[in-house]
Amino acid sequence: MSNNLPSQAEYVIIGGGIIGLSVAYHLTRLNFRDVLLLERDQLTCGTTWHAAGLVTQLRATENMAKLAQYTAELFKELQELTGQPTGFRQSGSITIAVTPERLEELRRGASMGRSFGLDVEMIDAAEAKRRVPLLDTTDVLGAAWISSDGMTNPVDTARAFATGARQGGATILERTPVTRIVVEKGRVHGVETENGFVRTEKIVLCTGIWTRTFAADLKWTVPLQAAEHFYVVTEAIPNLPQDLPTIRDMDAGFYAKADAGKLLVGFFDYNNGKPWGGNGIPQDFSFDALPDDFDHIEPYLSAAIDRMPMLADIGLQLHFNGPESFTPDNRFLLGPAPDIEGLYVAAGFNSCGIESSGGAGKVMAGWMSTGIPSSDYWEMDVRRAMPFQRNRRYLHDRTVETPGNLWALHWPHKSPATARNVRVSPLHDRLAAAGANFGEIAGWERPQWFGTPGKAANQHASFARDDWFHSSGEEHRATRSGATLFDQTSFAHLLVQGPDAPALLQYLSTNDVDVPLGRVVYTPWLNERGGMESDVTVARIGEEEFLVVTAAVQRIRDLAWLRAHAKTAGQVYVSDVSSGYATVSIMGPGSRDLLKRVSPADFSDGAFPFGTAQEIEIGYGLALAFRMTFVGELGWELHIPAEQALGIYDALVAAGNEFNLRHVGYVALNTLRIEAGYRDWGADISDEDTPLESGLGFTVAWNKNADFIGRTILSSQRGQIPRRRLVQFAVPNALPLLFGTEPIWRNGILVGYLRSAGFGHTLGCGVGMGYLHSENGVNAEWLSAGAFEVEIAGKRHPAIASLRAFYDPTRTRVKGQWRKPEDIIAPEILAAKHKG
């Protein structure tokens, strides 16, 4: 136990694994010297010491990939920067495919990697054999090769971070367990240790498999669970090349790498993971291993021997089993606690901690020192976690699946199979009977598409135009031509009340929300750099009362944003009333006639104009009806007291028989909104995208009598041609489907990638949106002067670019003006389809 504990520090890092040490190192690189790292035992004693040390850069999203790419670049120079050897070498990696589905995924992944600036080469079986002779490639269909991937020694690399941090002025104390985080009045005050108290206003938990328990003591949900992770090390192999590339056979569930003249072979077990330590990790667990379980890994080891036949004649020197932490969605947990100012986390790395350590440390150092992230890290943001996710049974059952999900085929619209039905709509059983195929988001069960009852529930989407594609296509077309029903109960509902509620919401919103009673306003909420922290719908339901409706995944983030600003806003009261509402949307040109059958309300344009809300009688119940749309058609959202939802739903369905009412899932909702150019926060817009870059300038009320966050930045962009802009794309004659992340080329130069995409069934072709970059500005003239292509699975297809939606850009259908779909489709789409 240290006797050198300071009484205060500007930054306190809890945990001395590679992540905590990287945070300390990067804080000192930002010239912060008052940095204190506290380790309960010895550095790297938790999980860092037994990590395999792979450095892989192709990840599921751009920013996850950039963390890994930065890490690889840093590892190349870390020894020179610190004087501490790391053992890093770039020997490349090869991932093989033995099924057509895996080959398609690798091809799409290679295209995605190129859009992220990573050189991924697709090679055939013969070339795979040439580069890695020990492989049996008889059944290999192809492989992905990344020459810049590599491996490092985890302990030596962690020591290099520690050396660099100390050189920069940080204090690192081992054998100094933190016993409590002290919080006063909603903000960090300090930490208690076995050796005394340290006052601080900024703490980051880098405590690995212990993090959930640390956070739970503060009623903060940091959902991760330890699972057993296995590898074996062979005896020495004569003439084994030290520059052997890392080998992955994802379908067989194993990886292999050279390890000091031996071969380390590790495993990811499909739907058979072994959660460990659910009731708490022992505090004295240090440099420890878990009991061996050869029977558990034997099928994967046998597959590895089949793939590398020389292993059959080589003995095993070591069988190792050690814990790694996994999260419910296989994404990291980074960022601030939603309700405790000054408290952060960097944990839950899903066996990717070494390869992401440099990037994660840099991100957290910047986030803690400035208060905002340097880029859009929403997919890793801990504020996406829902309170129920700290339930230990939930985490245990989900973690049976999550280790294998890292390498399972990532089908479009895929959801986990385990720990389901946590949050269900009151309409769930009715929807299941109607043939819903359910997906899961933020714990909610939501229909993805509807098919034959009993059959659709067991299907999954694929990369091909099979049942899911045809079912969602019928739902899409029905919304354009008739009346359709969407269950959107997963919406979060936040009630803002009090004399100062109008002023608070005006300050948060770019649009003018101080509107007459009964008006509904769509508005972004910005941060100080002009990026969109969220986009919400605000309904004024009283003089001092507003209902804020936001997406399910943004509930905790938006609630925290509201509450943080309400603290200094006077008399404002914020309540989460989400559980009190079910939401049913009736959309399409037949929506008005259907609603008139079940409600005495006047739904005419004069009595119920767009952007207004009214309480209506419907069936035997009451609903707050918003005339809004996310699909580009006439329609109403019905926000219903949860206990009345079944009765109102039944009334709608009974009356709907006359109108051929059809249920619609979220796959069709997505393709409908992309056709119509509606943005989706988390996909098309984020906290680093401004409204002017995103084509949402109409949401900025420049003349309102109130300031708003981010106005200074927006004012500097106003009137300028943006160098970065969200653009609509159509790929008229491509057979392969678009799903997002596909690279965009202009005149043979990579200029961006699709942030979201799907098949536009009204347009009859693939559609998407993506940000383009040009130093000379992105405008209509620049678009018309270029020849665009979208790359799908390694092949480029001619594309059309536009700043306007390809379907009904003037929103005539939303206003209730009936025009045939073919009369409001962009003429360039019709011309291209005719030519094709």
inquiry  = What lysines does Lys596 reach when the alpha-carbon gap must be under 28 Å and sequence neighbours fewer than 8 apart in one chain are set aside?
reply    = Lys815, Lys820
Cα extents of the range 492-578 along the three principal axes, largest first (Å) = 29, 25, 24
task = Please tell me the relative contact order of the range 689-835 in percent, rounded to the nearest whole number, where contacts are Cα pairs under 8 Å and at least six residues apart.
result = 24 percent
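Anything over 18 Å Cα to Cα? Flag those among Lys202/Lys362; Lys66/Lys414; Lys795/Lys835; Lys185/Lys219; Lys66/Lys257, in the order listed.
Lys66/Lys414; Lys795/Lys835; Lys66/Lys257
Express in nm, to one decimal, how much length is gained between Glu544 and Lys596 on full extension, taking 0.36 nm for each residue of separation and deducting their alpha carbon distance.
On the way: separation 52, 0.36 × 52 = 18.72 nm, distance 3.11 nm.
This chain segment gains 15.6 nm when fully extended.
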note = note: the range 689-835, Cα-Cα separations exceeding 28 Å make up a percent value of 26 percent
task = Among the trypsin sites (Lys or Arg not before Pro) in the range 208-288, which ones are in a DSSP loop with at most 11 other Cβ atoms within 10 Å of the Cβ? Mind listing them?
result = Lys219
message = Over 5 Å intervals from 0, what percent of Cα-Cα pairs in the range 575-688 sits in each interval?
response = 2, 11, 20, 23, 20, 14, 7, 3, 1, 0
query = Taking the Cα centre of the chain as the origin and placing charges on Cβ (Lys, Arg +1; Asp, Glu -1), which of Val572, His189, Ala408 is farthest toward the positive end of the dipole?
reply = Val572
query = Counting Lys and Arg as +1 and Asp and Glu as -1, what is the net charge of the other residues whose Cβ lies under 13 Å from the Cβ of Leu634?
reply = +3
message = Show me the helices of the chain, taken as full DSSP H stretches, that run 15 Å or more along their long axis by Cα and average -0.5 or above in Kyte-Doolittle hydropathy.
response = 18-29, 62-82, 154-167, 294-307, 353-370, 555-566, 645-656
ask   = For Asn4, what charge total do you get from the other residues with a beta carbon under 15 Å from its beta carbon, if Lys and Arg give +1 and Asp and Glu give -1?
value = -2
inquiry  = To the nearest 20 Debye, how big is the dipole of the range 363-419 about its Cα centre, given +1 on the beta carbon of each Lys and Arg and -1 on that of each Asp and Glu?
reply    = 260 debye
key: Dipole magnitude (debye, nearest 20) for the range 689-835, charges at Cβ of Lys, Arg, Asp, Glu   = 300 debye
note = Over the chain, the sum of -39500 (n - 2.57) across DSSP H runs of at least four, divided by residue number and rounded to 500 deg cm²/dmol, gives at 222 nm -7500 deg cm²/dmol
request  = Take the alpha-carbon centre of the range 515-580, take the same for the range 790-836, and report the distance between them in whole Å.
outcome  = 34 Å
task = Count neighbours as other Cβ atoms within 10 Å of each site's Cβ, and list the chymotrypsin sites (Phe, Trp or Tyr not before Pro) in the range 779-834 that are DSSP loop with at most 10 such neighbours.
result = Trp818
task = Using a 10 Å Cβ count of at most 14 others and DSSP loop calls, identify the longest part of the chain lacking such GluC sites (Glu not before Pro).
result = 236-527
Contour minus Cα-Cα distance for Asp288 and Asp650 (0.36 nm per residue) = 124.5 nm
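Any read-out appearing in this document is the output of simple, stated calculations on the displayed coordinates, not a laboratory observation. What you see is a predicted model, and the numbers here were worked out from it, not measured in a lab. All Cβ positions, glycine included, derive from the backbone under ideal geometry; neighbour counts span all protein chains shown.
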